[in-house]
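The values are calculated or read from the model by the stated rules, or taken from the named source; none is laboratory data. Keep in mind that what you see is a predicted model, and the values were worked out from it rather than measured. Note that each Cβ is placed from the backbone with ideal geometry, even for glycine, and that neighbours are counted across all protein chains shown. The area values use the complete protein model at the heavy-atom level, side chains included, leaving out ligands, DNA and RNA. Shrake-Rupley method; radii C 1.70, N 1.55, O 1.52, S 1.80 Å.
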Amino acid sequence: MPRNSIPFEVFAFQIAARLPGDWTSEYRLHASYGEQFPITDRLWDAGHVDWAVSDYVLGHDAVLTGPAGQELYIRERPLHRNQFLVAALEPPGFLPHHFHGVPEPNGIAVTADPVRAAAAITRRLLPRYARAVESVREQARQRPDPPAQRQAPAETSAVTLVRYEDGLLGAPYGSVPAEARDALYLSGFQSVPDQGAFLLPHESGPVATAVRIQVLANRLAKLGIGLNYRHPAAALGTTVVTTAPALSRTATGTALPSPAAHPRSPLRLR
């Protein structure tokens with residue numbers, strides 16, 4: 001922030017004081033990474049705010065609460081000094097199917113000037129936030145009960161991930177069904193013909209690897225393809241069938257490594 005800039009918690013408070021209606025500000029300092037999940041899991045954004053929360057560890061943030069329970073989330077913007085990200089939080093009390101088809105009221109970036117920041121939030125974010133909330137309420141009125149669950153597609157084949165002796169995680173190329181290859185590419189795996197396998201790059205740390213396995217499992221399940229994971233102990237002949245780790249938000253001390261781009265499909269990790 002610029003010289004003589006105000007502390008983050010004061011910045012958030014001053015924004016709250018300038019928004020229309022009665023707003024309060026709650027500053028939150030995270031003693032551990034997991035403390036952010038209860039709030040960030042409600043982030044109502046499918047753009048750069050979601051990316052920043054997913055890929056970067058949060059030291060602190062703030063939640064602004066306004067009229068009729070409106071909630072805004074504020075954090076510093078990674079890689080951009082003197083800028084902050086502001087996004088709406090999903091309103092509580094609704095079921096997942098009430099949000100289906102409702103566009104996220106994506107957040108915005110603001111400068112470190114609380115006057116200009118509040119003006120930008122009032123002009124650009126609050127109107128679409130209000131429209132999105134009203135759409136969710138209408139969905140709840142029309143469809144109060146969740147739809148009947150459909151059965152998952154039957155598994156017709158499976159992909160087996162192997163932890164090789166050099167530490168790389170991959171799948172033997174010849175054993176990967178053709179319809180599963182795009183899912184591997186999109187989850188960060190690279191085709192290495194001279195080694196006859198799809199491999200996850202060495203720079204993927206344990207947390208990033210867990211995320212990519214989870215994403216891969218979800219993508220394969222939609223295709224009716226199972227996912228097996230062969231642990232190092234499987235060298236003795238044991239293959240363990242597992243599901244992906246249940247992680248809600250993940251990050252390391254720096255940005256998670258980006259997977260190699262696939263020529264036909266861009267990657268976006270959730």
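Kindly write out, for region 210-222 in residue order, the coupling ³J(HN,Hα) from the Karplus curve 6.51 cos²θ - 1.76 cosθ + 1.60 (θ = phi - 60°), rounded to whole Hz, with x marking Gly and Pro.
Here the 3J(HN,Hα) series is 4, 5, 5, 5, 4, 4, 4, 4, 5, 5, 5, 4, 5 Hz.
Enumerate the amide H contacts of Val159 below 5 Å, restricted to partners 5 or more residues apart or on another chain; note that Pro and chain-start residues carry no placed amide H.
Amide H neighbours of Val159, under 5 Å, 5+ apart: Gly226, Leu227, Asn228.
Summarise the accessible area of region 1-125 (1.4 Å probe, protein heavy atoms) by the percent that is carbon and sulfur.
After summing per-atom areas, the C and S share lands at 55 percent.
For Ala197, enumerate residues with amide H under 5 Å from its amide H, sequence gap 5+ or separate chain, H modeled in the peptide plane.
Amide H neighbours of Ala197, under 5 Å, 5+ apart: Tyr173, Val192.
Whole-Hz ³J(HN,Hα) for each residue in region 11-23, computed from phi via Karplus 6.51 cos²θ - 1.76 cosθ + 1.60 with θ = phi - 60°, x for glycine and proline: what do you get?
4, 4, 5, 5, 5, 4, 5, 9, 7, x, x, 9, 10
Taking all protein chains together and a probe of 1.4 Å, list Val10, Val115 from the most accessible to the least accessible.
Ranked list, largest accessible area first: Val115, Val10.
Please compute the per residue accessible area over region 24-93 with all protein chains in place, 1.4 Å probe, rounded to a whole number of Å².
In whole numbers, region 24-93 has 41 Å² accessible per residue.
In the calculated pair distance distribution of region 1-119, what percentage of Cα-Cα distances lie above 21 Å?
On the way: 2522 of 7021 pairs.
Tail of the P(r) past 21 Å holds 36 percent of the pairs.
I'd like the Karplus ³J(HN,Hα) series for region 110-124: coefficients 6.51, -1.76, 1.60, θ = phi - 60°, whole numbers in Hz, and an x wherever there's a Gly or Pro.
10, 7, 7, 8, x, 5, 5, 4, 5, 5, 5, 5, 5, 7, 9
Taking region 1-98, which trypsin sites (Lys or Arg not before Pro) meet the DSSP loop condition and have no more than 10 other C-beta atoms within 10 Å?
Listed in order of number, the matching sites are Arg3, Arg81.
When all protein chains stay in place, what accessible area (Å², nearest 10, 1.4 Å probe) is found for Ile225?
Here the residue's solvent-accessible area equals roughly 10 Å².
Rounded to whole Å and ordered largest first, report the semi-axes of the equivalent ellipsoid of region 74-203 derived from its Cα gyration tensor (root of 5λ).
Working from the Cα gyration tensor, I get semi-axes of 42, 27, 10 Å.
Out of residues 5 or more away from Gln83 or on other chains, whose amide H comes under 5 Å of its own, with H placed 1.01 Å from N in the peptide plane?
For Gln83, whose amide H was placed from the backbone, the distant partners under 5 Å are Arg77.
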